[in-house]
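The values are calculated or read from the model by the stated rules, or taken from the named source; none is laboratory data. Source: prediction; values computed, not measured. Positions of Cβ are backbone-derived with ideal geometry, glycine not excepted, and every protein chain shown enters the neighbour counts. Accessible surface is based on the protein model in full, side chains and every heavy atom, while ligands, DNA and RNA are left aside. Shrake-Rupley method; radii C 1.70, N 1.55, O 1.52, S 1.80 Å.
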Amino acid sequence: MAQMQLDAAALPLAQPRRMSFAFLGVVPFFVFAVMFLLWPTAFLMVGSFQDADGHFTLENIYRLSEPTILNAYKISIEISVASALLGAIFGFFLAAAVVLGGLPRWLRPTLMTFCGVASNFAGLPLAFAFLATLGRTGLVTLLLRDFVGFDLYATGFNVLSFTGLTLTYLYFQIPLMVLILTPALDGLKREWREAAEVLGATSWQYWRHVAIPVLWPSFLGTTLLLFANSFGAVATAYGLTGSSLNIVPILLYAQSRGDVLHNPNLGYALALGMIVITGLSNGAYIWLRARGERWLK
Amino acid sequence: MKFLEIENLRKVYGAQVGVQHFDIAVERGEFISFLGPSGCGKTTTLRMVAGFEQPSAGSIRIDGRDVVGLRPNQRNIGMVFQSYALFPNMTVAQNVAFGLKIAKRPDAEIKPRVAEMLQMIKLPQLGDRFPYQLSGGQQQRVALARALAGSPQLLLLDEPLSALDAKIRASLRSEIRDLQRKLGITTIYVTHDQEEALAMSDRIVVMSEGRIEQLGTPFEIYNRPRTRFVASFVGTLNILRGKVIDPAKGVVRVDEQDIRLDQQIPNAAPGEMRAIALRPEAVTLGETRPDRNAMKGTIEEVSFLGAIVRIKVRFKDNLISLDTFNSSASPPPRRGDSATVTFAPADLQVLEGVEG
Ligand SMILES: Nc1ncnc2c1ncn2[C@@H]1O[C@H](COP(=O)(O)OP(=O)(O)OP(=O)(O)O)[C@@H](O)[C@H]1O
Ligand SMILES: [Mg+2]
């Protein structure tokens, strides 16, 4: 009896102590998140509503509707949508071919490794790689011209353009789509297809009524993730096009670098706009993903 | 002509044989089980009937029509999978309606049919639920309703109960059988559980290593196993090793004691060693009678299993298990006691094949 009371008394003490140790492990994460994510975001948000003297103003937000800025957002969104959609579609077919296509066994791990590397290959190195291959004097451009007799730049192509940037983004968008969609495709059970088949469905009917509805949330969610991914890719864009293409990350870069356009508070507002757009698409991604996983349990 | 005829069916994967020499004729409305250990080719055979696998050789005829080469969606078959395989994006009602919708039946026909099927599986309230909101047993019942909604001519079930726990398994077993009887649908049921096969089937196909070991009614399979494999797979049988003394009169010698059978021993030569099956419930302890075989041995083990007591009696090399009812009036023997067991000649079954 006495022993039992002792145990009962000891219990509530033991519980929180174990908890606090577990928290210790994630402290670096929280410190990091506060220092480099939450604190700067809060700083940005406050800054967006201040003038150079620190007084409250809506001026910066109004200025976002200036034609140059609006246009920059428009082009940014267009490039991101184009690269996200193209990445999603090509990535989907690539992942589907590898998971469902009955291709040789060695192909899948090889592709996955490549995708793991390529999806992280961004920024200046990626920009340089594209300039060195598809630039006006790039290796591939010259090879095509001298050996195939095909002048890429005569077709109007330019790597320092909307098309060029979209193409460059695809280099990491497609692999990212493959990486995220592969588990979802693995989740399609063989028995679903077979059950549909014995019930009279054709292959197309199976895709239309079962596979596509099951994959749809993952597909759409990942497309949104790709959108956010290219929307925020500043280093690649700057590395590739310098300031020749008018997109938000580059405009923002110009505000903070201190050239003629220097206005940090407008920069904050520009960044806030980006955060809002990225945040919305990430939020939708998380929501869709949760829906998708409910089915794949 | 039988409803389902499978002749000389064969399936090889490269050098490996999945199924071979498979012949069977199934009556309309019959419930047939494929029973056998893992890897013996049950699923492979079933999938050839469904059309998911192409036979390497042989023919499959359903209702007189050769179906080899037809796609699964042209065979009018219902199938239930071990993993339920309900479409996760559809409600229970949509799942059940799927086959009818694909067949472009009018809504006015689909709705009452779905309601009827849900009534049949005793889940009339759950039409609007999604599969992930159902228990395993409920999901499997929905899968059954989905398979039956289009009135297929043949129902195939591949270990439909093996993912469920024992209680639900037993109740669903009789539910499936009742439904099958009511609808009169010809059914092939794959299982590795001998109890399930014995309890449910009209006939059982016992399989081993891609071949049919024995085909018969549960009574025949249980009481008259033909081979050592069937005997040991199907029941907790005693298998004795005996030397053939007189094949014509049916006399064998087990551990230096002669015992009689009620029939000749076919294809046997005197002096050969053969395996003999004997069910525990056919054996009694004590009291020799002229019409029964008697063997003297020593009690090796006595275990209480509740209502029955299982006793093991040791002879020289052989061991016989027997079951007696637990009764307070006659306490069971003790270990080391000497004992006499008796059994009728008709209960002995000499198995095929010479023992090494
Ligand atoms: N696609 C395949 N490729 C190669 N071998 C296969 C294939 N499918 C089945 N086999 C082989 O055929 C044999 C029979 O397999 P099958 O799946 O029919 O067994 P089963 O009786 O259903 O077993 P279980 O009870 O484990 O389901 C096995 O030896 C298996 O390894
Ligand atoms: Mg199987």
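In table form, for the structure just shown:
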quantity	calculated
Cβ pairs under 7 Å, 6+ apart, first in the stretch A:200-215 and among the acidic types (D, E), second crowded, with 20+ Cβ neighbours inside 10 Å	none
Members of the stretch B:128-152 found to be farther than 18 Å from A:L199 by Cβ and open to solvent by 10 Å² or more (accessible area, probe 1.4 Å), listed by number	B:D128, B:R129, B:F130, B:Y132, B:Q133, B:L134, B:S135, B:G136, B:Q138
Number of the exception - B:L70 against (1) modelled with pLDDT under 95; (2) more than 8 Å from every other protein chain (Cβ to nearest Cβ); (3) within 16 Å of ligand 1 (Cβ to nearest atom)	(3)
Enumeration of residues in the stretch A:195-215 that are of a type in the set (D, E, K, R) and either surrounded by 19 or more Cβ atoms within 10 Å (Cβ to Cβ) or facing chain B (nearest Cβ under 7 Å) (or both)	A:E197
Given (1) farther than 22 Å from B:I212 by Cβ; (2) free of Cβ contacts under 8 Å to residues at least 60 places away in the same chain; (3) within 14 Å of another protein chain (Cβ to nearest Cβ), number of the condition B:N76 does not satisfy	(2)
From the options B:N89, B:N95, residue that is at pLDDT 95 or above and open to solvent by less than 40 Å² (accessible area, probe 1.4 Å)	B:N95
Within the stretch B:137-162, considering residues that are more than 13 Å from chain A (Cβ to nearest Cβ) and more than 16 Å from ligand 2 (Cβ to nearest atom), the one farthest from B:S174 (Cα to Cα)	B:Q138
Top-ranked residue of the stretch B:6-16 - restricted to ones that are under 17 Å from B:V206 (Cα atoms) and buried (at least 16 other Cβ atoms within 10 Å of the Cβ), ranked as farthest from ligand 1 (Cβ to nearest atom)	B:I6
Test: B:L157 is in contact with a helix residue (DSSP H, G or I) (Cβ under 8 Å, 6 or more places away or on another chain) and open to solvent by 60 Å² or more (accessible area, probe 1.4 Å)	no
Qualifying position, being touching a residue at least 24 places away in the same chain (Cβ under 8 Å) and either of a type in the set (S, T, N, Q) or in the same structural domain as B:F34 (by TED's automatic domain parsing) (or both), among B:E256, B:E209, B:E220	B:E209
Of the criteria (1) more than 16 Å from ligand 2 (Cβ to nearest atom); (2) out of contact with any helix residue (DSSP H, G or I) (no Cβ under 9 Å at 6 or more places or on another chain); (3) at pLDDT 95 or above; (4) closer than 24 Å to B:R181 by Cα, which one B:F31 fails	(2)
So B:I259, is it modelled with pLDDT of 90 or more, outside any loop (DSSP other than H, G, I, E, B), out of contact with any Cys (no Cβ under 7 Å at 6 or more places or on another chain) and open to solvent by less than 40 Å² (accessible area, probe 1.4 Å)	yes
Single match in B:L134, B:L118, B:L100 (criterion: at pLDDT below 95 and more than 16 Å from ligand 1 (Cβ to nearest atom))	B:L134
Residue check for B:D178: of a type in the set (D, E) and either touching a residue at least 60 places away in the same chain (Cβ under 8 Å) or in a loop (DSSP other than H, G, I, E, B) (or both)	no
Flag if B:M1 is within 17 Å of A:Y206 (Cα to Cα), among the hydrophobic types (A, V, I, L, M, F, W, C) and open to solvent by 10 Å² or more (accessible area, probe 1.4 Å)	no
Evaluation of B:A170 against (1) touching a residue at least 12 places away in the same chain (Cβ under 8 Å); (2) out of contact with any Leu (no Cβ under 7 Å at 6 or more places or on another chain); (3) of a type outside the set (F, W, Y); (4) in a helix (DSSP H, G or I) (one fails), failing number	(1)
Count - residues of the stretch B:172-206 that are open to solvent by 50 Å² or more (accessible area, probe 1.4 Å) and within 15 Å of ligand 1 (Cβ to nearest atom)	2
Considering residues of the stretch B:34-54 that are charged (D, E, K, R) and surrounded by fewer than 22 Cβ atoms within 10 Å (Cβ to Cβ) only, the residue nearest to ligand 2 (Cβ to nearest atom)	B:R47
Subset of the stretch B:183-237 (residues that are within 15 Å of ligand 2 (Cβ to nearest atom), assigned to a helix (DSSP H, G or I) and not charged (D, E, K, R))	B:A197
Set B:K122, B:K111: member being on the phi > 0 side of the Ramachandran plot and either at the interface with chain A (Cβ under 8 Å from one of its Cβ atoms) or not acidic (D, E) (or both)	B:K122
Residues that are more than 6 Å from ligand 1 (Cβ to nearest atom), within 13 Å of B:R211 (Cβ to Cβ) and part of a helix (DSSP H, G or I), drawn from the stretch B:36-58	B:T45
Tally of residues being within 22 Å of B:L46 (Cβ to Cβ) and open to solvent by 40 Å² or more (accessible area, probe 1.4 Å) across the stretch A:176-194	4
